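Q: Provided herewith is a single structure, encoded as structure tokens, for subsequent inquiry.
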Amino acid sequence: MKLIIASNNAHKLTEMKAILAPFFDDVQSMREAGIEHETVEDGKTFMENAVKKARELAEISGCCAIADDSGLCVDALGGAPGVYSARHSGVHGDDKANNRKLLKELEGTNDRGAHYTCAIALVWPDGRLLTAEDYLYGEIAHDERGSNGFGYDPLFLLPERGLRTAEISPEEKNRISHRGKALRQLVEKLKSSEI
């Protein structure tokens, strides 16, 4: 059975393909499958957006589809940027602008607690659904460091390591990341389900 990943993000695709390949005959990105579609992400939660993206892609493709929605939730900002993480600065995917805005919003506060959230939805063409959600807890640093990762990784501090997620290897990040943990949770559900 073919699985299509509702993303063209190279970082996500590499991680998701490696973890999900044993369960499907073929795992492709939307681009590889020749699908051009953009879901309007208007859900109030990460899970609502993930399920909507996966359902739309399964309907369009007639294949299994998997989608995730993930982002950064900052305690001092009441959980913002949350589902708006990729477009926090007003421009979708402008990591530098998003990081600048976040640092500006946290000026003068010592409450730097934050977590990444990842919600994942796997939908079959007949509508069956499996979901998983997981987190990575840390703090927002006062400056950017590191060249690995993407998004808020240069700011996201892992206190027990004294490093930003942009300073650890991609392999280590996949091991501890919210997306990696959610994917492994989903895999356990796949192994134990009758689906």
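Q: For segment 58-98, give me the residue count where each residue is farther than 13 Å from Glu41 by Cβ, in a helix (DSSP H, G or I) and of a type in the set (A, V, I, L, M, F, W, C).
A: Of the residues in that region, 5 qualify.
Q: Only one of Lys191, Lys101 is open to solvent by 50 Å² or more (accessible area, probe 1.4 Å), at pLDDT 95 or above and not in a loop (DSSP other than H, G, I, E, B). Can you tell me which?
A: Values: Lys191 fails: at pLDDT 95 or above.
Going through Lys191, Lys101 in turn, the sole match is Lys101.
Q: Let me ask another. For residues that are open to solvent by 60 Å² or more (accessible area, probe 1.4 Å) and part of a helix (DSSP H, G or I), tally how many sit in segment 143-173.
A: 3
Q: Go through (1) out of contact with any helix residue (DSSP H, G or I) (no Cβ under 8 Å at 6 or more places or on another chain); (2) in contact (Cβ under 8 Å) with a residue 40 or more places away in the chain; (3) surrounded by fewer than 16 Cβ atoms within 10 Å (Cβ to Cβ) for Asp26 and report which single condition fails.
A: Checking Asp26 against (1) out of contact with any helix residue (DSSP H, G or I) (no Cβ under 8 Å at 6 or more places or on another chain); (2) in contact (Cβ under 8 Å) with a residue 40 or more places away in the chain; (3) surrounded by fewer than 16 Cβ atoms within 10 Å (Cβ to Cβ), the one that fails is (2).
Q: Now for a separate question. Quick check on my filter: what residues within segment 67-78 are of a type outside the set (S, T, N, Q) and within 12 Å of the chain's Cα centre (by Cα)?
A: Within segment 67-78, the subset of a type outside the set (S, T, N, Q) is 67-69, 71-78.
Matches in segment 67-78: Ala67, Asp68, Asp69, Gly71, Leu72.
Matching residues to (1) out of contact with any strand residue (DSSP E or B) (no Cβ under 9 Å at 6 or more places or on another chain); (2) over 23 Å from Phe46 (Cβ atoms); (3) modelled with pLDDT of 95 or more:
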| position | (1), (2), (3) |
| --- | --- |
| Val123 | no, no, yes |
| Gly127 | yes, no, no |
| Glu139 | no, no, yes |
| Phe156 | no, no, yes |
| Lys181 | no, no, no |
| Arg184 | no, no, no |
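The values are calculated or read from the model by the stated rules, or taken from the named source; none is laboratory data. As the structure is a computational prediction, the values presented were derived from the model and not from experiment. Here the Cβ is made from the backbone with ideal geometry for all residues, glycine too, and neighbour counts use every protein chain on show. The accessibility values were calculated without ligands, DNA or RNA, using every heavy atom of the protein model including side chains. Shrake-Rupley method; radii C 1.70, N 1.55, O 1.52, S 1.80 Å.
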